[in-house]
Amino acid sequence: MKSLKIAILSYRSAPFGGGQGVYVRDLSDALKKIGHKVTIISGPPYPHLPKDTKLIKLPGMNLFETFNFKDRLKKFIASKKNFINIFEFFSALFGGFPELQTFGYRANKFLKNGDYDIIIDNQSISYGMLKLQKQFPLIEIIHHPITKDLKFELSQNNKFLYQLSRKRWHSFLKMQKKVAPKLNKIITPSYNSKKDIVNDFKVADKNISVINNGLDINIFRLIEKDNFKNNYQLITTASADVPLKGLDYTLYALSSLKKTYPEILLNIIGKLKKNGHTERLIEKLDIKNNIRFHSGISKEEIVQLYSKSSIAIVSSLYEGFGYPVIEAMACGVPLIATKTASIPELVSDKALLVQPKNHDEIAAGINKIFNDYEGYKKKAISNITYIKERFNWDVIALEYNKIISETITNFKK
């Protein structure tokens, strides 16, 4: 197998939250393992990478490090006054999210004299990628179309100013809808995402390949216990105040179970937004003492939380690919997940599926598992083999390798 020089582009790569930093690290590790030379080119925040992985930092304005106008103005004053920086500052000033577009411009400029066999871009879907694919074989990763995020956010609040601000923030979708149909090769992690990309971005079906995301099964694993202990601890992963994650419905379920299980505790992997919707809802439901938030933690720390939890809950309204679903299953934790988007495709019959937006079904599922914990735990442990076989990066890397080879061949033609 020929060793290729591969550049993975990522407009932002937070090492913990959001999954992008995790994905580019795992993908680069998997491709290196089969003999390729991989460089990650990222905007801030940057991923945490092994020492043998080359990281090229492509700094932008990093305006979303803060929402304070004075701090943003200082960044702008200190920056070079070129078109890209001016556009990024004023777009963010008026409520937009320009990082995807400006990263694409910077990456295109940086790579003009680049020496790579292929470029893999992680979901910027920006104008710069159209220019790059004339120079290099290029694969675009689209985890899911962000049109779905906007749809669910608009459904949460019909106030004019809220709707206006959400549409302004997602104004980059106009660019992505223009770019996506012109990309020669797209990889997406689920058939549900492929369907949505075809429908929302008008991409030709033949241009999209489905390859599941992988999981580091050496880290996400069962931590053996002497016996199965039902300790009434729950775990979920959800960005607070992001409607797509459906956290509200887990909170309502927790509230309804509090009387029956006073010691019940929900560990939330995510950050609580101060004075935000979720904080107000927690106060309203009087469940503050039954919740712990955990943010900025490593994979190893997440696994420890899974090992202490009796049940994992994924109450999302939509998932292009639900990492928390396969993480929980890899750790042998009984899982309750919503029957929506890619989730049934990933879990098959190996989880207790409930209807989205239904806190009563979530509460009933939790109660059902609590009342037969040993049975559900044994089944969850037996499902670990399924995860190891289907979501193993060693296998998935070979699937990527096949698409990479085909993309290079087609580019040469």
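The values are calculated or read from the model by the stated rules, or taken from the named source; none is laboratory data. Just so it is clear, the model here is predicted, and its values are computed rather than measured. Cβ: placed from backbone, ideal geometry, glycine included. Neighbour counts: every protein chain shown.
Residue by residue through the range 221-258, note down the ones that are within 15 Å of His359 (Cβ to Cβ), assigned to a loop (DSSP other than H, G, I, E, B) and charged (D, E, K, R).
Of the range 221-258, the ones within 15 Å of His359 (Cβ to Cβ) are 234, 236, 238, 243, 245-258.
In the following step, the residues that additionally are assigned to a loop (DSSP other than H, G, I, E, B) were identified as 238, 246, 258.
Lys258 - this is the single residue of the range 221-258 that is within 15 Å of His359 (Cβ to Cβ), assigned to a loop (DSSP other than H, G, I, E, B) and charged (D, E, K, R).
Looking at the structure I just gave you, is Asp394 at pLDDT below 95, acidic (Asp, Glu) and not in a helix (DSSP H, G or I)?
Working: at pLDDT below 95: yes; acidic (Asp, Glu): yes; not in a helix (DSSP H, G or I): no.
It is false that Asp394 is at pLDDT below 95, acidic (Asp, Glu) and not in a helix (DSSP H, G or I).
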Completion exercise
Only one of (1) farther than 30 Å from Ala364 by Cβ; (2) assigned by TED's automatic domain parsing to the domain that holds Lys339; (3) charged (D, E, K, R); (4) free of Cβ contacts under 8 Å to residues at least 60 places away in the same chain does not apply to Lys299, and that is (4)
Problem - Residue within the range 353-364 that is among the small types (Gly, Ala, Ser), under 13 Å from Ala253 (Cβ atoms) and either outside the structural domain of Ser190 (by TED's automatic domain parsing) or more than 17 Å from the chain's Cα centre (by Cα) (or both) present - result: yes
Practice task
Sort through Ile311, Ile396, Ile381 and tell me the only one that's among the hydrophobic types (A, V, I, L, M, F, W, C) and surrounded by 22 or more Cβ atoms within 10 Å (Cβ to Cβ).
Solution key: Ile311
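Can you tell me which residues in the range 174-204 are farther than 18 Å from Tyr318 by Cα and either of a type in the set (A, V, I, L, M, F, W, C) or in the same structural domain as Glu319 (by TED's automatic domain parsing) (or both)?
Taking the range 174-204 and keeping what is farther than 18 Å from Tyr318 by Cα, we get 174-187, 202-204.
Once the filter is applied, which keeps residues that are farther than 18 Å from Tyr318 by Cα and either of a type in the set (A, V, I, L, M, F, W, C) or in the same structural domain as Glu319 (by TED's automatic domain parsing) (or both), the range 174-204 yields Met175, Val179, Ala180, Leu183, Ile186, Ile187, Val203, Ala204.
Can you go through Ser10, Ser42, Ser28 and tell me which one is over 19 Å from Thr102 (Cα atoms), of a type in the set (S, T, N, Q) and assigned by TED's automatic domain parsing to the domain that holds Ala107?
Values: Ser10 fails: over 19 Å from Thr102 (Cα atoms); Ser42 fails: over 19 Å from Thr102 (Cα atoms).
Sole residue among the options that is over 19 Å from Thr102 (Cα atoms), of a type in the set (S, T, N, Q) and assigned by TED's automatic domain parsing to the domain that holds Ala107: Ser28.
Please enumerate the residues belonging to the range 196-220 that are of a type in the set (D, E, K, R) and either in contact with a His (Cβ under 7 Å, 6 or more places away or on another chain) or not in a loop (DSSP other than H, G, I, E, B) (or both). Break it down stepwise before answering.
Step one: of the range 196-220, the residues of a type in the set (D, E, K, R) are 196, 200, 202, 205-206, 216.
Those that are of a type in the set (D, E, K, R) and either in contact with a His (Cβ under 7 Å, 6 or more places away or on another chain) or not in a loop (DSSP other than H, G, I, E, B) (or both): Asp196, Asp200, Asp205, Lys206.
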Exercise for the section: Determine whether the range 108-119 contains at least one residue that is within 21 Å of the chain's Cα centre (by Cα), modelled with pLDDT of 95 or more and among the acidic types (Asp, Glu). Expected result: no
Fill in the blank from the handout: Filtering strands (runs of 3 or more DSSP E) wholly in the range 1-60 for at least 1 residues that are touching an Asp or Glu at 6+ places or on another chain (Cβ under 9 Å) and crowded, with 17+ Cβ neighbours inside 10 Å gives 5-10, 37-42
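Can we say Glu327 is within 19 Å of Asn267 (Cα to Cα) and among the acidic types (Asp, Glu)? Walk me through how you get there before you give the answer.
Numbers: within 19 Å of Asn267 (Cα to Cα): yes; among the acidic types (Asp, Glu): yes.
So Glu327 fits the description; yes.
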Handout entry: Count of residues meeting criterion [outside any helix (DSSP H, G or I) and either within 20 Å of His359 (Cα to Cα) or outside the structural domain of Tyr386 (by TED's automatic domain parsing) (or both)] in the range 271-292
Key = 4
